[in-house]
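The values are calculated or read from the model by the stated rules, or taken from the named source; none is laboratory data. This one's a predicted model, so the numbers in the text were calculated from it and none came from an experiment. Note: ideal-geometry Cβ built from the backbone for every residue, glycine included; neighbour counts use all protein chains shown. These accessible areas exclude ligands, DNA and RNA; they are computed on the full protein's heavy atoms, side chains included. Shrake-Rupley method; radii C 1.70, N 1.55, O 1.52, S 1.80 Å.
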Amino acid sequence: MFARNFKRIIPRVVNLSCGLENVVKYGQKSFTRNIAPASIRVVRYSQLRELDELKPVNIGVIGCGRIAQVHIKNLFNIRGVNLHWLVDNKTENIEQIQRYFCLQHVNGYNVDRLDGLLDDPSLDGVLVLSSTSVHTEQCCQVLKKGKAVFVEKPAGETIQDISHCFETAEKQKQVLVTGYNRRFDASFQELYSSFHNGSIGKPIFIKLTSRDCPRPSIEFLKSCDQEGCNLISDMAIHDIDTLVWLTKAEQPESVFVQTHIHHPDMVAGGWEDAVMMMLKYTSGIIACIDVVRESKYGYDIRVEDNTEFNQGVIQHIHSMRKSPFLYHRMQRFDWIVFGDQGQLTVGPCRTTSLRRDKASGSTTSNLQYSFLDRFEKAYKNELEHFIQCVRGKEKSSVKKDESLMTWLIIEKALESWRNKNVVYF
Ligand SMILES: NC(=O)c1ccc[n+]([C@@H]2O[C@H](COP(=O)([O-])OP(=O)(O)OC[C@H]3O[C@@H](n4cnc5c(N)ncnc54)[C@H](O)[C@@H]3O)[C@@H](O)[C@H]2O)c1
């Protein structure tokens with residue numbers, strides 16, 4: 001019974017989220033349509049009171065693909081935000097977004113009408129969510145028109161391009177936030193604080209793992225860097241950014257990269273689907289990043305000792321669990337940052353925290369399926385941060401020197417990949 005009613009409520013809640021304009025309208029007209037359960041109505045009314053003090057922020061979106069669906073949904077949950085423009089070079093992608101979110105009232109234009117968006121004086125900010133190859137050009141066009149920019153990672157595909165974006169933002173005195181979403185994840189933020197308050201002493205190892213699920217579409221892969229190794233520039237970029245963020249943009253001493261192509265579809269496209277890279281820092285930190293394009297068991301983001309997933313070692317772990325002392329020792333293999341006084345771990349997240357212990361063995365629920373599940377809250381947080389920056393209440397937390405260091409590491413890693421040797425900075 002509850003399940004049946006719940007199904008009826010859900011589409012209405014989604015409707016409610018179709019734009020704050022709608023919410024305000026419904027609020028003033030006492031919800032002329034029966035669109036929300038009472039509890040939701042109460043939350044909305046209390047927000048409306050606060051709205052009086054907020055200047056509305058008008059937003060445009062360029063690029064209506066996969067990640068746009070995440071950000072547009074999150075925009076609706078931020079108080080005082082209106083969505084005014086949807087732009088893409090494929091009309092069907094705009095229409096899909098309009099249908100999905102009931103946004104037929106929002107202007108949807110092909111990219112040849114970009115001038116319309118750029119010259120709209122009511123727009124405060126733009127989300128640049130198009131393919132990476134056009135980020136720099138579109139970012140700078142928007143910034144030069146005096147509007148704030150949230151750009152999906154990366155802002156450009158060369159150090160010069162990324163630098164150009166930041167310089168344009170500085171010159172125009174405009175906000176520029178790059179979507180490095182992991183920085184906005186609660187676990188990664190706690191890791192950052194613990195790392196810097198000295199709780200684990202001197203850092204020795206940092207190990208990061210990213211195993212994507214599902215494998216991105218061939219169409220998406222074709223939109224990525226085709227000359228280099230897009231597994232590094234598109235995916236490992238998140239781990240590299242985490243490393244840069246943790247080390248406060250310390251320049252590594254050297255990097256060494258090994259890659260391989262496993263899946264037949266990836267062989268056809270010439271796209272590496274497994275990479276491992278090792279970085280050495282003058283401060284003594286040794287960092288290791290491993291990334292794969294497809295993990296069959298779910299989206300796996302963490303730092304760990306790979307051998308845990310080796311069948312033999314899993315059995316070994318089970319036998320070790322019989323001894324609390326040995327079990328405690330085994331746990332040491334699962335670290336993210338290892339220091340001379342302790343370690344910090346951010347593990348993969350599961351769909352539920354339920355664990356079944358039986359005589360025959362123990363099971364837990366699956367890992368969360370994809371980045372959309374794992375970083376759902378982080379995507380909300382980063383967009384809220386952007387809107388707060390537009391309102392002048394926060395400063396962009398993704399800095400120029402960090403973004404440039406991330407790309408410098410990518411360039412050196414690509415050089416190592418091409419030449420198959422250690423590259424020094
Ligand atoms: N932070 C993250 O976790 C994360 C996750 C996924 C994607 N991304 C980034 O987001 C960006 C988009 O990725 P996606 O997965 O949504 O890709 P996608 O291919 O699904 O979407 C890109 C959209 O941009 C449109 N587009 C392409 N060129 C355009 C142009 N010149 N003008 C306007 N629109 C244009 C395409 O038609 C498409 O609708 C990429 O830069 C990617 O690196 C970030």
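Filter the stretch 267-294 down to residues that are at negative phi and surrounded by fewer than 20 Cβ atoms within 10 Å (Cβ to Cβ), then give me how many there are.
Adding up the residues that qualify gives 13.
So which residues in the stretch 228-280 are part of a loop (DSSP other than H, G, I, E, B) and away from the ligand (no atom under 16 Å from the Cβ)?
Thr247, Lys248, Ala249, Glu250, Gln251, Ile261, His262, His263, Gly270, Glu272, Asp273
Is there any pair linking a residue in the stretch 86-106 that is more than 14 Å from His71 (Cβ to Cβ) and in a helix (DSSP H, G or I) to one that is within 13 Å of the ligand (Cβ to nearest atom) and open to solvent by 40 Å² or more (accessible area, probe 1.4 Å), with Cβ under 8 Å and at least six apart or on different chains, and which?
Thr91/Asn110; Ile94/Tyr109; Ile94/Asn110
If you go through the stretch 208-227 one residue at a time, do you hit one that is over 23 Å from Met276 (Cβ atoms), of a type in the set (D, E, K, R) and either in contact with a strand residue (DSSP E or B) (Cβ under 7 Å, 6 or more places away or on another chain) or not assigned by TED's automatic domain parsing to the domain that holds Ser283 (or both)?
no
Could you run through the stretch 196-222 and say how many residues are within 14 Å of the ligand (Cβ to nearest atom) and open to solvent by 40 Å² or more (accessible area, probe 1.4 Å)?
7
Where in the stretch 299-379 are there strands (runs of 3 or more DSSP E), lying wholly inside it, with at least 1 residues that are within 24 Å of Pro214 (Cβ to Cβ), at pLDDT 85 or above and open to solvent by 40 Å² or more (accessible area, probe 1.4 Å)?
Correct list: 361-364.
Being more than 19 Å from the chain's Cα centre (by Cα) and within 18 Å of Asn58 (Cβ to Cβ) is the filter here, so list the residues in the stretch 116-137 that pass it.
Listed by number, the residues that qualify are Gly116, Leu117, Leu118, Asp119, Asp120, Pro121, Ser122, Leu123, Asp124, Gly125.
Can you report the number of residues in the stretch 242-261 which are of a type in the set (S, T, N, Q) and open to solvent by 30 Å² or more (accessible area, probe 1.4 Å)?
3
Given the criteria surrounded by 18 or more Cβ atoms within 10 Å (Cβ to Cβ), within 16 Å of the ligand (Cβ to nearest atom) and among the hydroxyl-bearing types (Ser, Thr, Tyr), does Thr158 qualify?
no
Residue by residue, here is whether (1) within 30 Å of Gln343 (Cβ to Cβ); (2) within 16 Å of the ligand (Cβ to nearest atom); (3) of a type in the set (Asp, Glu) holds:
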site: Leu103; (1), (2), (3): no, yes, no
site: Ser122; (1), (2), (3): no, no, no
site: Ser130; (1), (2), (3): no, yes, no
site: Val151; (1), (2), (3): no, yes, no
site: Gly179; (1), (2), (3): yes, yes, no
site: Phe188; (1), (2), (3): yes, yes, no
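State yes or no: is Pro264 crowded, with 22+ Cβ neighbours inside 10 Å, more than 26 Å from His135 (Cα to Cα), modelled with pLDDT of 90 or more and out of contact with any Asp or Glu (no Cβ under 8 Å at 6 or more places or on another chain)?
The answer is no for Pro264.
Which one is most open to solvent (accessible area, probe 1.4 Å), of the residues in the stretch 380-399 that are within 16 Å of the ligand (Cβ to nearest atom) and assigned to a loop (DSSP other than H, G, I, E, B)?
Ser397
Kindly indicate whether Lys358 is under 30 Å from Asp161 (Cα atoms) and not aliphatic (A, V, I, L, M).
Here the answer is no, as Lys358 does not meet what is asked.
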